[in-house]
Each structure stands twice: as C-alpha cells, then as structure tokens.
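K.L.:
Provided herewith is a single structure, encoded as structure tokens, for subsequent inquiry.
The values are calculated or read from the model by the stated rules, or taken from the named source; none is laboratory data. This is a predicted model, so every value here is computed, not measured. Every residue, glycine among them, receives a Cβ derived from its backbone with ideal geometry; neighbour counts consider all protein chains shown.
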Amino acid sequence: MRYSLVRILFVCGAFAAFGAGCHDRLYDSGETISLVDGGSNHADAGSGGRITSGDAGVGGAIGTGGDTGAGGANDAGTGTGGNNNLCDNNSPLRQTDVANCGTCFNQCYQMNADATCVAGACQYACLTGFFDADKNPANGCECELTNGGVELCDGVDNDCNGIVDDGFDTMSDLNNCGGCSMLCYHPFAASSCDMGVCSMGACLPDFYDANMKASDGCEAYCQKTNGGVEICDGRDNDCNGLIDDNVAPATIVCRSQGSICQGIVPVCMGSMGYVCPYRAGYQDIEDTTLGCDGKDNDCDGQTDEPFLIGKSCVAGMGICSAGTWVCDNTQTGNHRCQATKTATMEVCDGLDNDCDGTVDELGVLADTHNESLVIINPGSGAITMFAYEASHADAGKDLSNKDIVGTDITHRPCSAPGKLPWTSVKKEDAETACEKIGDGKWRLCTQAEWLYACNRGTTNTFPYGAAYSKTACNGFDYGAGAPITGGTATGCTSDFGMSVGKVYDLSGNTKEWVATTLSGTTPFHPTAFEMRGGAYNTLSFVDSSSGTAVTVAAGLQCDSTTAAPTSDVLLPSVGFRCCHPGALN
C-alpha cells in the first residue's frame, strides 16, 4: 500500500497518539512510500491489539505481557500479551520496503529521485530533468538541467555533467575574459584576452586612439594623407594620433640679419605650414609706415632704407659738409642730415675746419691756430711775414708717420712748423700761391724785406749771429741731405724777441724766391729772378787767406743771392715764403 507524505504523517501522528514506537521521518513533498510490512499495523506476534488499516478510530492498543494477547477486533479495547516490535529485520519485506530497506528504518530516499528497494538495497531513478552530477548519494539528484541542457558560461552546470561552465575559457575567450559575460572588446581595434586580462591591440585601418583611452578603443577616424608621411600642414598625415609630429625639416629659410630676425628659425604652425616667427616690427619689405625706428625691419642688412639712413648727404660747409642721413621723427621726412664731422678750430690744412664756408682763412692773426706769422718793419712800413717756409696745405705725415711734402696747389700755402717746405716750384707759381691767402694782398717777400728778416737790420752774417755754425742751419755740413720740416733746426732762427717772435730757416734748407728781379747779371741773362738764403746742398769751404783757416759758407749768409733764369726752374732745393704789406690785426 502507497500513501502520500501527508497520509504518512497523519498515520504517524495516529501511532504517536497510542505511544507505540513511531519514528519521525522526512519525505519529499509528493513522495509515496509503503507502510511498514505492507500496511498491516500489528504486532508480529501476540494475540492482542493488532492495528489494522482501518479508518481513524483504530481498535486495540498494544498489549503487554505474554506472547499472545487476548484481544479482539479493530474496535477492541486494550489487548494484553503482545510484544512491542513493529518491524522485523527478517521479514521478507526488508527486500522491497523503501521505508525499511534491508533493515528496519533504512529509508530509501534521495532528493529529486524515485526510490525503490530491490533485494534489500535502495535504488534510485532521478526525476525527469534532474541528475546526480556529483555522484554523491547524500544529496540525491542535486542538479537540475537549465538552458535545455546546453552549457552556458553563467556559473551553473547547465548540462549537469559535473563541470561548471565547461567548454568556456575565461583565460582567453574574448566573450568571457576573466569571467563569464566579461566581454573583451575595443571599438575599431583588435582585442586579446591573455590570462584573463583584456588588452587592446592595433587600431583598424583609418582609426586611431586619439585620447589614449582603451575604454573607447580607437575612437578617432582618420584617413592617411600625403602617402602617410607626416608634413607640417595641421593634419595627422600618418594617423598616429598626433598632428605634425616628426615632420620633415622646413623647406624655408628665415632671415637672420638684424635684431628683429637674429636667431629666428622656422616653426611649424599647422595649416599655415612652416613660418618664421619674426619679432615685432618685422616687415617683408621695409616701408615708412613704422616711421624711422632705427631698425632693420626687413632684415636685409640695411636700417631704415626708405629714409636713406646711412646714405651720404650734405650737412653744411667745409668738413661739416659730408654727412649721413639719421632718423629724426621731428623733421619732415622723419630724417635729417647729420655731419660726420663737427666744426673745429680752423687750421691750415686745405679744409674748412670751422665749417664757415671759407678754407684756411687768414684775415687776422687770430686765424693762425697752427701757423706762425711775424710782423717786422724793415723801414718802409710794417710787413707781416711767414715765420716758416711755405708748405703745401696737405703736407704732413703719411700712414707710416713719414713726412710728406704734399701736392695741394689749389689752396693757399701754410706757415706751419713740422711740415716739409713747398719745393720744386716756379717763381710764378710761388707768387700765385701767396696771392691765394686772405685778402689777396699777400705776395712774395721783397729782397729788402727778406734781408731785414734774416739779419734783423744788423750786420749779422747769419740769422743766428756773425760766425758760421754747421749745426745751426740745414746746409751741406748739417748732413740732412734734403729739406727738413720747418723748425726742426732750432738754432736756425732770426729772433726778434718775445713781442715779435722768430723767423725760421732763412739760411739753408731751401733757397727762397723773392719778388725782386735782378738786372744785368750776365751777358746771357740780362734779367734774372732772385733766390735768397742757400739750401740743404749749399757747401762751405775753408778760407786761409787771413793766415788762419776759417770755414766759410758764403752761400748760406743773409746777403747771399742766387740768380735764376726767368725760364722755368723746378728744383727740390727751391722754395718760398709769403709777405703781406702792413700788419695783420
């Protein structure tokens, strides 16, 4: 007889009411089992109180005492003499009874299974849809098929084969990387799962990872340009996510002259390409819009060329005439002509030093800044005379500091110390040179003026005294062999004292033209020009006529005169000096 679990619990409760050995048992809901010994609730032996399968009011309690109880029917009272064993291990029922299989109270029961007792051993058949996956009888058919028995990666043994998520590799499966349903995917990029770690690989063609975030993969779309070679154009030509990186060298060359462009190199400016970032004030072609700013705005090596800066201009007169344009934004045209030299004290050098428009003016004594004049009176009135032999205005020193005679015949002669005398000059040219001075009254000195200057109106034979001295003036004995600069022979002076001054080189150095013309000198030259004073090559001789040997240099004496033909005479030993009638103030 099979009963439902509810029925069994009820029966057990009834037995319990009679206190006759009912053991609690758990059965699965809906399970049907057989009662002990086939449903006959009675003592195996004894005559009293057998419980049969009646309805709720069963008769006969379990008897006590002897082997056989005396008792009666289902509704009998308490019997006597029965034993208290309800299950017999030796009963044939032990071979089939699922509640007492093989031995009493050995229940054949497993979860989710139909149980049978065969030959005293429990056997089970899993219910449909259940399996004993772990082969453990204690928990019965513990595994229920899910997903129609098809294994999923969900942490469940869907096919009940005892292996959870078999067939799925969470170490390398892109769909289950590191765990079920953990998708390894990067948009527009290759992905890989290695040891359960998801990694992004190379981007698909025309895509790149601009933000360097793997979470959104290669999110940026890019098509290569310029053949994939990066150039400076503001585009990611090689689609590596970087714009204008590792670009080819610039093909332009920046200007480098001047402060505005110095050190400037080409810079990549995206879509503008390479540019030269010149400093403020730069102009491709310099014009006047920025004014005259003293800058080489177009970096061509020229500053403010629209304003002619640095170009020559006429700034004034004399040495001040030469000038260059400089910036001056207060002037019309934003420039002015600045003299390269400033006015200085006027000296006799063929230049307008004081920039007054007159070169080497000599109108008053104050004009003789580097010259020396003396005012003498030979008896016919005051005469202003050159203290030194006349020299060229450009006489002086060359670059090697060597004395040079000079060649300037366009400007007046000078009476200056330290200059070589003007020689190899004709008398007419000497006269013309003197006439260039000042007011035009200057001329060659007369014979009388010259003689007075030499002996100071005394009987002195030489400028320095009565006796000849070979070391005083530059004659042959002096040994120079050529004209020397004025004033070098310091002993060769005619000294008029502090109030007048000294006259130099009237003896030796060069013979000097005078204004006087000699008459009746020789039959061949009835008239001749006159030269005075001797020269560097004038010889001396020894005169023993008085019984005492005396060196005589007649040609170097103050009264020495030399006639010269009126034809051209150009000798390095011939020079001149100039005189002016009257005294200069």
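K.L.:
Would you be able to tell me the number of residues in the range 342-365 that are within 53 Å of the chain's Cα centre (by Cα), surrounded by 20 or more Cβ atoms within 10 Å (Cβ to Cβ) and either under 22 Å from Thr384 (Cα atoms) or β-branched (Val, Ile, Thr) (or both)?
P.N.:
So the count comes out to 0.
K.L.:
Additional query: Does Val156 qualify as being hydrophobic (A, V, I, L, M, F, W, C) and buried (at least 16 other Cβ atoms within 10 Å of the Cβ)?
P.N.:
It is true that Val156 is hydrophobic (A, V, I, L, M, F, W, C) and buried (at least 16 other Cβ atoms within 10 Å of the Cβ).
K.L.:
Give the number of residues within the range 531-566 that are in contact with a Lys or Arg (Cβ under 9 Å, 6 or more places away or on another chain) and over 22 Å from Tyr468 (Cα atoms).
P.N.:
Qualifying residue count for the region: 2.
K.L.:
Continuing with the same structure: How many of the residues making up the range 290-339 are closer than 19 Å to Ser259 by Cβ and of a type in the set (Val, Ile, Thr)?
P.N.:
3
K.L.:
Let me ask you something else. Restricting to the range 527-576, name every residue that is assigned to a strand (DSSP E or B) and of a type in the set (D, E, K, R).
P.N.:
Correct list: Glu530, Arg532, Asp543.
K.L.:
For the range 84-94, state whether one or more residues are within 19 Å of Asn136 (Cα to Cα) and touching a residue at least 24 places away in the same chain (Cβ under 8 Å).
P.N.:
No; the residues of the range 84-94 include none that is within 19 Å of Asn136 (Cα to Cα) and touching a residue at least 24 places away in the same chain (Cβ under 8 Å).
K.L.:
Filter the range 436-456 for residues that are in a helix (DSSP H, G or I) and aromatic (Phe, Trp, Tyr); which is nearest to the chain's Cα centre (by Cα)?
P.N.:
Applying the filter and picking the extreme gives Trp450.
K.L.:
Can you tell me how many residues in the range 220-242 are surrounded by fewer than 19 Cβ atoms within 10 Å (Cβ to Cβ), assigned to a loop (DSSP other than H, G, I, E, B) and either at pLDDT below 90 or in contact with a Leu (Cβ under 7 Å, 6 or more places away or on another chain) (or both)?
P.N.:
Looking only at that region, the number is 5.
K.L.:
Checking the conditions here, which among Thr459, Thr432, Thr485, Thr490 is part of a loop (DSSP other than H, G, I, E, B), out of contact with any Gly (no Cβ under 8 Å at 6 or more places or on another chain) and at pLDDT 95 or above?
P.N.:
Answer to the selection: Thr490.
K.L.:
Under 28 Å from Asp360 (Cα atoms), in contact with a Ser or Thr (Cβ under 6 Å, 6 or more places away or on another chain) and of a type in the set (A, V, I, L, M): does that describe Val425?
P.N.:
no
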